[in-house]
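Notes follow once the structure below has been shown.
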Amino acid sequence: MTATQVNEHGQLTHLLQLEGLSKAQILQILDTAASFFNPQDGSIVKKPVLRGRTVANLFFEPSTRTRSTFELAAKKLDADVLNLDIGTSATTKGESLLDTLQTLQAMHIDMFVIRHKENGIPQYCADQVGPRTAILNAGDGNRAHPTQGLLDAYSIRKHKGDFENLTVTIVGDIRFSRVARSQIAVLNTLGVKELRIAGPDNLLPENADDLDVVVHRNLDDAVRDADVVIMLRVQKERMDSDLIPTTDAYFAEWGLTKERLKLAKPDAIVMHPGPMNRGIEIASDVADGPQSIILDQVTNGIAVRMAVMSLIMSGRNSG
Amino acid sequence: MTATQVNEHGQLTHLLQLEGLSKAQILQILDTAASFFNPQDGSIVKKPVLRGRTVANLFFEPSTRTRSTFELAAKKLDADVLNLDIGTSATTKGESLLDTLQTLQAMHIDMFVIRHKENGIPQYCADQVGPRTAILNAGDGNRAHPTQGLLDAYSIRKHKGDFENLTVTIVGDIRFSRVARSQIAVLNTLGVKELRIAGPDNLLPENADDLDVVVHRNLDDAVRDADVVIMLRVQKERMDSDLIPTTDAYFAEWGLTKERLKLAKPDAIVMHPGPMNRGIEIASDVADGPQSIILDQVTNGIAVRMAVMSLIMSGRNSG
Amino acid sequence: MTATQVNEHGQLTHLLQLEGLSKAQILQILDTAASFFNPQDGSIVKKPVLRGRTVANLFFEPSTRTRSTFELAAKKLDADVLNLDIGTSATTKGESLLDTLQTLQAMHIDMFVIRHKENGIPQYCADQVGPRTAILNAGDGNRAHPTQGLLDAYSIRKHKGDFENLTVTIVGDIRFSRVARSQIAVLNTLGVKELRIAGPDNLLPENADDLDVVVHRNLDDAVRDADVVIMLRVQKERMDSDLIPTTDAYFAEWGLTKERLKLAKPDAIVMHPGPMNRGIEIASDVADGPQSIILDQVTNGIAVRMAVMSLIMSGRNSG
């Protein structure tokens, strides 16, 4: 049986991907995230709505950065957090993923945050767990990174307001990027006016025509008159392969510089999911410049993850 | 001076082994464990009886699984938990175990959960620490794994009621198994009618005659009319040595299959301490079958560890 | 802009080094530390003054021991604690220290505890972070280890009372020791009568003349009539280099034995920052003897770190 991430009352029970969530559901997440900020000083407040609950971080791909954001979000909600270093123990004993998951579930863990290099593992886990256990996808293969898509949507709304009048450009390795896939899903659902993708031919997705995006093969065209420019990280694997020539050549053709940014709207914002390769996909003076909201994205990521966790928990409690 | 795990008032002050605990003391632990379950929904409740206390996991042998159960138990009691990665730091600086222990004790840690590959290390630590500090044995060498024995007793009582009428069979590598040793101790103290052990000749304990068990050299005989069948994990070390032939041959002779399980009582339960080697000591359809309570053992393990921790702490406070 | 660790109201906002702190500021830290001990039983009390705050341990040099003391201190103050294993993740993705720091700061972490093998990294971080974020130096290169200096001062005051009449001797590898540097700073500020340093010629600091210390090149002379004898750890790097001959020869000339300790005042105390090399810089019977307060130093270290964290947080809140 394939588990769905929304129950019959429209409540979130897992977060596996952004495809399939309605505009209302996404806006509810963004509004809930907004409620975690103290309006006086912009700090993130502690709300003990997960007191007595346990959240386990199950990262099969190491990522201190992303793991930390989920850990912080869970702790701000007063959950007990378990960081499971899967690489070094369970796997070396030859236990299967399913046995590991069922064993951890038997420990009455309420929520698993899962990152895995293979597509579909979070969905597989959601299919296996019982009704008390929630799965949060923290990135699977090149398929989905839903909390990243949500925090990007939050950040765009915060800085630009309504989505209907916006032109948003995503630049770089779209093909292998779970971040791009989730961004495209959420921004189309939220109804941006124009969604553009741009990158080297061999890094554009094969199914670009199905994605409801405008494809550009030239950075200047892609950036022209955009309200939002999202630069993607060039992964080390891509640099080590033949898919990109040299980092200098990549920067010359696809790097966002101050000059190129001038082609966008004067008040355009620049985003990046981090960690950045300065001088490869983005110039340092742009990354640190007045139009960059890259660090604000990180802050918003904490609140968005708190929102997802608290909505899932309240959906489960009332479900 | 050899530290004892029970003080002059009969209260638990450490948990080093199950040998020497009285039936009343063991039943008190099981009853306390039962009190941590919410009778309405079977969830494990949070009780802040260790608020302000610190529990340190000191695992000299890595085990994400067992460490997690102790960490969860401590957090459910609201203790502060410290996971000490001993392999990578203190030891590389050449500090002795005793200096490490004394230094950590000086940090006013209330309870150490210790796993070590050498027999007797938890006892040694209990001998060294002062009256404020408790030692919990999370497995030493092939000597004892007392919380595993307790959670197995809890699970048997939950599913089978009184112990006096039960025939319990333990199968596999008894000789090198700390789990088996603790199971034998607790089940004999609790007074099971018949306790059987079975396994290849070279994996039976040398002192089998002293153990108050019936030894079987054939799986069919061992399982026949049993109420409880406990399969032990075949350790990788054993597979790599000459002690077992091939995993296929082991399964043919000692693996628990559906057919063999039919020899046991119709309502017999199947247990395993985990992690399982499916197709080596147990067939997958038995592991996942209706008679298996393997995942329930994991759940009970959390409550049993909470019980041990809270009893030790209340014994120390009143001592 | 160079950040200062004390604001215009004289309140601590970072802790980078002990040089520059006034006697009154240091005594305030020691008095605050004392307030965290329960006068009845000497236990360290839990005070939730950092509830809702987040402390991140950012250890670029591994140290389970020191990291644990900061983690415990933060948890005793009810902070959420994040242990960031920098070696394995962010750095392998090629992110710069500054980007890592800014990203973590964007997660609204209130306090960073930083250890780094290079001098000046905590100061650099303090220069970069915004007014909401505090930096605690947990040891940088051979430059400073301020919480160690403070806990040593606390321990000396506890056992010896006023500083004005004390002769304190520091022995060993002064040259490469951040511990010694912080001890010298704090003890001179607190006004000890005589501060002596002693060690092999090539392990004495080049700027000894500027340090306001009496230099001894002979252990007997250095220890004679001292009230406090502080032995430093011989680092493994020094043993592997030509800077010390053999460990036996080192012990013969610079190891603190019972006989040599007799040259000090009869009620002299012996200290060591840990972890000890028994039989190299200190004899086992001295380390464990009645004049040793080595384990009490560890205990005091928890309270001193709690004091620093709580003072910084209250300074920031009122600042």
- request: Output the number of the condition that C:Ala106 fails; it satisfies all remaining conditions of (1) away from chain A (no Cβ under 12 Å); (2) out of contact with any strand residue (DSSP E or B) (no Cβ under 7 Å at 6 or more places or on another chain); (3) modelled with pLDDT of 95 or more.
  value: (1)
task: Please go through the range A:200-229 and pick out each residue that is out of contact with any Asp or Glu (no Cβ under 6 Å at 6 or more places or on another chain) and closer than 12 Å to A:Trp254 by Cα.
output: A:Pro200, A:Asp201, A:His216, A:Arg217, A:Asn218, A:Leu219, A:Asp220, A:Asp221, A:Ala222, A:Val223
message: Please count how many residues of the range A:61-77 are of a type in the set (Ser, Thr, Tyr) and either part of a loop (DSSP other than H, G, I, E, B) or more than 7 Å from every other protein chain (Cβ to nearest Cβ) (or both).
response: 2
Filter result for A:Leu27 (out of contact with any Asp or Glu (no Cβ under 8 Å at 6 or more places or on another chain) and over 21 Å from A:Pro146 (Cβ atoms)): no
message: For the range B:27-59, which positions are more than 14 Å from B:Ser310 (Cα to Cα) and within 17 Å of the chain's Cα centre (by Cα)?
response: B:Leu27, B:Asn57, B:Leu58, B:Phe59
For B:Glu194: the one exception among (1) of a type outside the set (A, V, I, L, M, F, W, C); (2) in contact with a helix residue (DSSP H, G or I) (Cβ under 8 Å, 6 or more places away or on another chain); (3) closer than 28 Å to B:Ala24 by Cβ: (2)
message: Give me the strands (runs of 3 or more DSSP E) completely within the range A:78-187, filtered to those with at least 2 residues that are assigned by TED's automatic domain parsing to the domain that holds A:Pro48, under 30 Å from A:Glu281 (Cβ atoms) and in contact (Cβ under 8 Å) with a residue 40 or more places away in the chain, ordered by residue number.
response: A:111-116, A:134-140
- prompt: Is there a residue being at pLDDT 95 or above and touching a Gly at 6+ places or on another chain (Cβ under 9 Å) anywhere in the range B:299-307?
  reply: yes
query: With C:Leu18, C:Leu30, C:Leu58 as the choices, which residue is farther than 26 Å from C:Tyr124 by Cα and either assigned to a strand (DSSP E or B) or away from chain B (no Cβ under 14 Å) (or both)?
result: C:Leu30
message: Of the conditions (1) surrounded by fewer than 16 Cβ atoms within 10 Å (Cβ to Cβ); (2) outside any loop (DSSP other than H, G, I, E, B), A:Lys47 satisfies every one except a single condition; which number is it?
response: (2)
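Restricted to the range B:243-264, and to residues that are among the aliphatic types (A, V, I, L, M) and free of Cβ contacts under 8 Å to residues at least 24 places away in the same chain, which residue is nearest to B:Ala198 (Cα to Cα)?
B:Ala252
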- prompt: Just for the range B:36-54: of the residues that are within 13 Å of chain A (Cβ to nearest Cβ) and touching a strand residue (DSSP E or B) at 6+ places or on another chain (Cβ under 7 Å), which one is farthest from C:Thr64 (Cα to Cα)?
  reply: B:Phe37
- request: Give the residue that is surrounded by the most Cβ atoms within 10 Å (Cβ to Cβ), with candidates limited to residues of the range A:272-286 that are in contact with a strand residue (DSSP E or B) (Cβ under 9 Å, 6 or more places away or on another chain) and either within 13 Å of another protein chain (Cβ to nearest Cβ) or modelled with pLDDT under 95 (or both).
  value: A:Ile282
message: Every residue in the range B:109-132 that is within 14 Å of another protein chain (Cβ to nearest Cβ) and surrounded by fewer than 21 Cβ atoms within 10 Å (Cβ to Cβ), please.
response: B:Gln128, B:Val129, B:Gly130, B:Pro131, B:Arg132
message: Just the residues that are charged (D, E, K, R), farther than 15 Å from B:Val192 by Cα, within 22 Å of the chain's Cα centre (by Cα) and surrounded by 15 or more Cβ atoms within 10 Å (Cβ to Cβ), please, taken from the range B:212-242.
response: B:Arg233, B:Arg238
message: I want to confirm something. Restricting to the range C:265-310 and keeping residues that are part of a loop (DSSP other than H, G, I, E, B) and in contact with an Asp or Glu (Cβ under 7 Å, 6 or more places away or on another chain), which single residue is nearest to C:Thr13 (Cα to Cα)?
response: C:Pro275
message: Among the residues of the range A:265-306, what is the count of those that are without any contact (Cβ under 8 Å) to a residue 60 or more places away in the chain and of a type in the set (S, T, N, Q)?
response: 4
query: So which of A:Arg233, A:Arg238 is farther than 19 Å from A:Gln297 by Cα, of a type in the set (Lys, Arg), touching a residue at least 40 places away in the same chain (Cβ under 8 Å) and not assigned by TED's automatic domain parsing to the domain that holds A:Thr66?
result: A:Arg238
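Could you tell me which residue of the range C:1-33 is nearest to C:Ile302 (Cα to Cα), considering only residues that are of a type in the set (D, E, K, R) and exposed (fewer than 15 other Cβ atoms within 10 Å of the Cβ)? Give the steps one after another, and end with the answer.
Looking only at the range C:1-33, we keep the residues that are of a type in the set (D, E, K, R), and these are C:8, C:19, C:23, C:31.
Remaining after also requiring exposed (fewer than 15 other Cβ atoms within 10 Å of the Cβ): C:8, C:23, C:31.
Details: C:Glu8: 28, C:Lys23: 21, C:Asp31: 14 Å.
Result: C:Asp31.
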- request: Please find, among B:Ile269, B:Ile302, the residue that is assigned by TED's automatic domain parsing to the domain that holds B:Arg178 and surrounded by 21 or more Cβ atoms within 10 Å (Cβ to Cβ).
  value: B:Ile269
- request: Scan (1) surrounded by 18 or more Cβ atoms within 10 Å (Cβ to Cβ); (2) without any contact (Cβ under 8 Å) to a residue 12 or more places away in the chain; (3) in contact with a helix residue (DSSP H, G or I) (Cβ under 9 Å, 6 or more places away or on another chain) for the single condition B:Gly42 breaks and write down its number.
  value: (1)
query: Any idea which residue in the range B:287-299 is surrounded by the most Cβ atoms within 10 Å (Cβ to Cβ), counting only those that are among the polar types (S, T, N, Q) and facing chain A (nearest Cβ under 9 Å)?
result: B:Gln297
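Please state which one of A:Leu203, A:Leu166, A:Leu219, A:Leu232 is hydrophobic (A, V, I, L, M, F, W, C) and more than 24 Å from A:Asp288 (Cα to Cα).
Selected residue: A:Leu203, the only one of A:Leu203, A:Leu166, A:Leu219, A:Leu232 that is hydrophobic (A, V, I, L, M, F, W, C) and more than 24 Å from A:Asp288 (Cα to Cα).
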field: Residue within the range C:257-265 that is over 25 Å from C:Gln297 (Cα atoms) and assigned by TED's automatic domain parsing to the domain that holds C:Phe176 present
entry: no
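The values are calculated or read from the model by the stated rules, or taken from the named source; none is laboratory data. Please read all numbers here as calculations on a predicted model, not as lab measurements. A quick note on method: Cβ atoms are made from the backbone with ideal geometry, for glycine too, and the neighbour counts reach across all protein chains shown.
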